[in-house]
Amino acid sequence: MFITVAFKALVIWFAIVVLAIANGSLREFLLVPVLGAQAALMLSGLLLSFLIVGVAYLSLPWLNPSQPVQVWGIGLAWLALTLIFEFSFGLLQGKSWLELLEAYTFEGGNLWLVVLAATVLAPYIAAKLRGWA
């Protein structure tokens, strides 16, 4: 059965979401008690960024994008899905837009913008590391 690059990218994005949830659990239950909130948030953001690039690197052969534009499309799709997920989930939890937008600052060690940059760039970085781009 033929599976499109878009469908494969969606499957991989769901795997990234699972890793992000596991990363958040690790941060809250292990890193915060040991390192404190600010250091834990920073380490967690860096860890998640590296995990996303790692997943992109490992999954690139399965994705098998046929054109460089597909590599960028995957990154943009992952970014869009992540933003939709984050804002939808936050709003369903009853958070205000102001509360949601606080994540887009670097206050308190928050590296969410770095994670988003890693998300959009991960397929390109993976392609570069594999010598595809």
If unit charges are put on Cβ atoms (+1 for Lys and Arg, -1 for Asp and Glu) and the dipole of the chain is taken about its Cα centre, the option from Val55, Leu98, Phe14 lying farthest towards the positive end turns out to be Val55
Solvent-accessible area per residue for the chain (1.4 angstrom probe, square angstrom) = 59 Å²
Rank Phe14, Phe85, Phe29 by mean-square fluctuation in a GNM of the chain with C-alpha springs under 10 angstrom and give only the top-ranked residue.
-> Phe29
Compare Ile74, Ile52, Ile84 in a GNM of the chain, Cα atoms joined below 10 Å, and give the one with the largest fluctuation.
-> Ile84
When only Cα pairs under 8 Å and 6 or more residues apart are kept, what is the percent relative contact order across the chain?
-> 36 percent
How high is the FRET efficiency from Arg130 to Lys95, r the C-beta distance, R0 41 Å, rounded to 0.05?
-> 0.60
Share of carbon and sulfur in the accessible heavy-atom surface of the chain [1.4 Å probe, %] = 74 percent
For the chain, set up a Gaussian network in which alpha carbons nearer than 10 Å are linked by springs, and say which option among Gln38, Gln67, Gln93 fluctuates the most.
-> Gln93
The chain - Debye-derived log10 I(q)/I(0), Cα point model, q = 0.20 Å⁻¹ | -1.17
What Kirkwood hydrodynamic radius do you get for the range 16-74 when you take the inverse of the mean 1/r over all pairs of distinct Cα atoms, in Å?
-> 12.8 Å
FRET efficiency for Tyr104 and Phe7, using Cβ-Cβ distance with R0 set to 30 Å, rounded to 0.05 = 0.50
Going by accessible area, probe 1.4 Å, with all protein chains left in place, what is the ranking of Arg27, Arg130, largest first?
-> Arg130, Arg27
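The values are calculated or read from the model by the stated rules, or taken from the named source; none is laboratory data. Owing to the predicted nature of the structure, the values given are computational and were not obtained by experimental measurement. We place every Cβ from the backbone using ideal geometry, glycine too, and count neighbours over all the protein chains shown. With ligands, DNA and RNA removed, areas are computed over all heavy atoms of the protein, side chains included. Shrake-Rupley method; radii C 1.70, N 1.55, O 1.52, S 1.80 Å.
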